[in-house]
Each structure stands twice: as C-alpha cells, then as structure tokens.
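Engineer: Once you've had a glance at the structure underneath, I'll fire off some questions.
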C-alpha cells in the first residue's frame with residue numbers, strides 16, 4: 001500500500017499528540033497545565049474528525065464540524081496563554097513580587113491592542129454584504145470567517161505572549177528551562193509558521209491570476225507543500241513539549257513530582273508491632 005506524504009505527516013502528528021497526552025498524565029502535569037491538556041485533547045479530536053469524516057459527511061456538515069472545532073481551538077488557546085502568563089508572572093513566580101493588578105491590566109491592554117491592530121490590517125477581509133445574499137449559507141460563512149480570524153488573532157497573541165515570557169520570565173524565576181516558557185516557545189513557533197503560510201497564500205491569491213488548468217495545479221501543489229511544512233513545524237513543537245515536560249524543572253524536587261498514591265508505604269515489621277491494650281472492665 002502506498003502512503004502519501006500528507007498521510008504520513010498526519011499519522012506522525014496524531015501519534016505525537018497521543019504521546020504528549022501520556023506524558024502530561026504520566027508525569028502529573030495536567031493539574032498545573034489544565035488548559036494546555038484540554039487543548040491537546042481537542043487537537044487530537046480535530047485531527048481524527050477532519051481525517052475520518054472527510055468524504056463521509058456532506059460538504060455543508062463537514063465544514064460546520066471543521067470550523068466549529070477550529071473556533072473552539074482558538075478559544076482554548078486563549079485560555080492556555082492566560083494560564084501560562086499567570087504561572088510565569090502571577091502565582092507561579094518564585095523570585096520577586098508577582099505583577100500587580102495595574103501591571104496586569106496594562107500589559108493585557110498593550111498585547112490585545114497590538115494583536116487587534118495586526119488582525120485589522122491583515123487582509124483580505126470578506127464582503128459581508130455578499131455573504132448575506134445567501135441567507136441559507138450565511139451562518140456557516142460567518143462561522144468560517146470568525147474561526148479563521150480567531151485563529152489569526154490567537155496566533156498573533158501567542159507570539160506576543162511568547163516574546164514577553166522569554167524576555168521577562170527569568171526575572172520572576174521562570175527562565176528558559178521552566179515548563180511555561182518551554183510550552184510557549186512551541187506555541188509561538190507554531191504560530192509563526194501558521195502566519196507565514198497564511199501570509200504567503202494570501203499574497204498568491206491577490207497577486208497571481210490563474211489562467212489555465214496547469215497553472216491551477218501548480219498553485220495547488222504549492223499550497224500543499226506549504227501546509228506540509230506547517231505540519232512538520234507543528235510536529236517538531238509537539239516533540240519539543242514531550243521532551244521538555246518529561247524532564248523536571250530546574251530546582252524541582254523529584255519526590256514532589258510523584259503522586260502520593262504511587263509512593264510505596266513501608267510495611268510495619270510484625271515483630272515490632274504491639275497488640276492493642278485490653279480495655280479495663
């Protein structure tokens with residue numbers, strides 16, 4: 001049986017997701033990174049749904065499930081970024097004082113303003129009046145636009161949050177080798193790859209006009225190669241997380257990483273055991 005490159009990459013990315021979940025559960029990281037664990041589970045479901053349901057559902061139903069899950073993934077990623085920022089600059093900081101509420105508000109406003117401005121300038125935007133002309137498909141088209149723009153927004157926010165954590169995390173005791181910074185490095189790297197591919201494809205759509213079937217097939221092959229490159233970087237990010245989360249953080253006590261239910265209890269020698277004293281009548 002001949003497997004295409006796309007099928008091989010899909011299988012590798014799916015297997016990497018499953019291994020990452022095993023590491024998160026086996027090394028007891030789920031309680032600390034609950035949003036990241038949930039995002040990993042959702043990404044696994046998306047991989048399976050998009051692959052197994054393609055061709056099994058109508059185009060209309062397939063687009064609904066695909067873009068609804070994409071929108072959910074963007075919301076989960078937003079939760080992950082908040083979780084990582086709190087672990088780095090809030091309750092998770094080990095040196096200095098956590099960020100004050102005023103500092104939280106200022107940094108949040110700054111990052112959101114930059115990400116929203118970049119999203120507005122990123123084009124092209126669809127013609128909403130033309131979308132409303134088709135009343136039956138309008139809810140789906142609106143969902144597609146919201147999902148795609150949400151993915152762009154959270155990708156930009158992931159890059160900005162990653163830069164902030166890598167530049168200032170060390171001052172709060174969360175340096176390069178800390179788990180929150182390791183996770184955000186993978187997220188921001190994957191976000192850069194996603195935005196790069198999106199930017200190239202948008203530029204091609206605007207500047208290049210398809211004039212023949214050969215030209216169309218050539219552009220389609222280019223899109224496929226770009227998407228494969230994005231998947232490779234996503235796979236490398238997951239492998240990075242597997243390695244980083246399997247290791248203990250610098251200064252962490254190995255004993256603290258083991259769940260108490262798994263710590264063996266030494267049996268009491270029978271010779272040293274004292275029988276209970278008889279109660280007086």
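Every number here is computed from the coordinates shown, using simple stated rules; none is lab data. Since the model is a prediction, treat every value here as computed from it, not as a measurement. No Cβ is skipped: glycine too gets one built from the backbone with ideal geometry, and neighbour counts run over all protein chains shown.
Engineer: Round to a whole angstrom and tell me the spacing of the C-alpha centers of the stretch 181-213 and the stretch 59-126.
Structural biologist: Taking the Cα centre of the stretch 59-126 as reference, the centre of the stretch 181-213 is 19 Å away.
Engineer: How long is the gain from residue 143 to residue 47 if the chain were fully straight, where each residue apart is worth 0.36 nm and the alpha carbon distance is subtracted?
Structural biologist: 32.6 nm
Engineer: Another question, if that's okay. Roughly what angle does helix 34-52 make with the longest principal axis of the chain, taking Cα atoms, 0 to 90 degrees, to the nearest 10?
Structural biologist: Taking the Cα atoms of the chain, the angle to 34-52 is about 40 degrees.
Engineer: Oh, and also: Using helices alone, I'd like the mean residue ellipticity at 222 nm for the chain: each DSSP H run of four-plus residues gives -39500 (n - 2.57), total over residue count, nearest 500.
Structural biologist: -24000 deg cm²/dmol
Engineer: In nm, give the distance between the simple-model label positions of residue 6 and residue 22, each being 7 Å from the Cα along the Cα-to-Cβ direction.
Structural biologist: The answer from the label model is 2.9 nm.
Engineer: Under the rule a/c < 1.5 gives rounded, and otherwise a/b versus b/c splits prolate from oblate, where does the stretch 1-67 land using the Cα gyration tensor?
Structural biologist: Oblate.
Engineer: Quick one: among 136, 105, 65, which has the greatest mean-square fluctuation in a GNM of the chain with alpha-carbon springs under 10 angstrom?
Structural biologist: 136
Engineer: How big is the C-alpha Rg of the chain next to the rule-of-thumb value 2.2 N^0.38 Å, as a ratio?
Structural biologist: 1.30
Engineer: Here's something else I'd like to know. For the chain, take the longest principal axis of its alpha carbons; what is the angle in degrees between that and the long axis of helix 138-168, to the nearest 10 within 0 to 90?
Structural biologist: 50
Engineer: At 0.36 nm per residue, and after removing the present C-alpha to C-alpha distance, how many nm does the segment from residue 132 to residue 248 gain when stretched out fully?
Structural biologist: Answer, rounded to one decimal: 36.4 nm.
Engineer: Here's a follow-up. For the chain, find the longest principal axis of its Cα atoms and tell me its angle to the long axis of helix 5-26, 0 to 90°, nearest 10.
Structural biologist: Relative to the chain, helix 5-26 is tipped by roughly 20 degrees.
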